[in-house]
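For reference, the structure discussed in these notes is given below.
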Amino acid sequence: VSGCQIYTSTRVTNTWSKPKQLDFTGDTMNVYGHPALTKDELTIIFSAEREGGQGGRDLWMATRSSADGSFGNIINLGPEVNTPGDEVFPFLRNDTALYFSSDGHIGMGGLDIMKANKEGKSWTNVRNLKYPVNSSKDDFSMIFHPEKEKGFFASNRKGSRNDDIYSFYYPVI
């Protein structure tokens, strides 16, 4: 009824366990989506529109002490990352680079893919990835191959049929 929520399921051989909803606050009216986990699974970054944010959908972080524990203490990533617009579709690369889409940061139009760097416990130096990654339409959901300078993102840019998947690679210089 209230929109998307985040669920977890565990794979055991060839089957998956019954999905369990992650409960961040006990408030079932808040909408949570687009989860990204650190490699150790102790920190989750997600998008939500909730009280205490910068406006629109913001990126939030929660931590836990063990991979099978509960997440607690939700923290807004702050005004350097979040804007009065929407910040959505986070992706963590090597736990030190955060890629996300925003329509509140200065961009080329619609949602643009941004990158922030982790410095201590903060995400800073937000920058727009510009053309050819971004276009005048919506560009979102960037993911990388775990070991290579290539990956995928989605876009409804000119020439797409709707939200199409595009591949990319960064050539070695």
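The values are calculated or read from the model by the stated rules, or taken from the named source; none is laboratory data. Just so we're clear, the structure is a prediction, and the values are computed from it rather than from any experiment. Counting neighbours? That spans all protein chains shown, and the Cβs are built from the backbone with ideal geometry, glycine included. Side chains are part of the model used for accessible areas, which takes the heavy atoms of the whole protein and leaves out ligands, DNA and RNA. Shrake-Rupley method; radii C 1.70, N 1.55, O 1.52, S 1.80 Å.
Flag set for residue 45, criterion: of a type outside the set (S, T, N, Q), more than 18 Å from residue 130 (Cα to Cα) and under 10 Å from the mean Cα position of the chain (by Cα).
What number of residues within the stretch 93-119 are of a type outside the set (Asp, Glu), open to solvent by 20 Å² or more (accessible area, probe 1.4 Å) and closer than 23 Å to residue 31 by Cα? So that I can check it myself, show each step before the final result.
First, pick out the residues of the stretch 93-119 that are of a type outside the set (Asp, Glu): 93-94, 96-102, 104-111, 113-118.
Narrowing the set further to residues that are open to solvent by 20 Å² or more (accessible area, probe 1.4 Å) leaves 93-94, 96, 104-111, 115, 117-118.
Checking which are closer than 23 Å to residue 31 by Cα leaves us with 104-105, 110-111.
Within the stretch 93-119, residues that are of a type outside the set (Asp, Glu), open to solvent by 20 Å² or more (accessible area, probe 1.4 Å) and closer than 23 Å to residue 31 by Cα number 4.
Scanning the stretch 120-129 for residues that are modelled with pLDDT of 95 or more, open to solvent by 50 Å² or more (accessible area, probe 1.4 Å) and of a type outside the set (Lys, Arg) yields a total of 1.
Checking residue 40 against (1) at pLDDT below 90; (2) open to solvent by less than 90 Å² (accessible area, probe 1.4 Å); (3) among the acidic types (Asp, Glu), only one condition comes out false. Which one? Failing condition for residue 40: (1). The residue of the stretch 77-108 that is farthest from residue 33 (Cα to Cα), among those that are touching a residue at least 24 places away in the same chain (Cβ under 8 Å) and among the small types (Gly, Ala, Ser), is 107.
What are the residues in the stretch 106-123 that are over 15 Å from the mean Cα position of the chain (by Cα) and not basic (Lys, Arg), if any?
106, 107, 108, 109, 110, 119, 120, 122
Could you say whether any residue in the stretch 68-87 is crowded, with 21+ Cβ neighbours inside 10 Å and in a strand (DSSP E or B)? Within the stretch 68-87, one or more residues are crowded, with 21+ Cβ neighbours inside 10 Å and in a strand (DSSP E or B). If you check 31, 1, 12 for being surrounded by 11 or more Cβ atoms within 10 Å (Cβ to Cβ) and at pLDDT below 95, only one passes: 31. Here residue 132 meets the list (1) closer than 14 Å to residue 87 by Cβ; (2) open to solvent by 50 Å² or more (accessible area, probe 1.4 Å) almost entirely, failing just condition (1).
Which one is surrounded by the most Cβ atoms within 10 Å (Cβ to Cβ) among residues in the stretch 57-67 that are touching a Leu at 6+ places or on another chain (Cβ under 8 Å) and over 15 Å from residue 140 (Cβ atoms)?
So in the stretch 57-67, the residues touching a Leu at 6+ places or on another chain (Cβ under 8 Å) come out as 58-61, 63-67.
Restricting the remaining residues to those that are over 15 Å from residue 140 (Cβ atoms) gives 58, 60-61, 63-67.
Numbers: 58: 26, 60: 22, 61: 22, 63: 14, 64: 15, 65: 9, 66: 9, 67: 9.
Looking at residues that are touching a Leu at 6+ places or on another chain (Cβ under 8 Å) and over 15 Å from residue 140 (Cβ atoms), I get 58.
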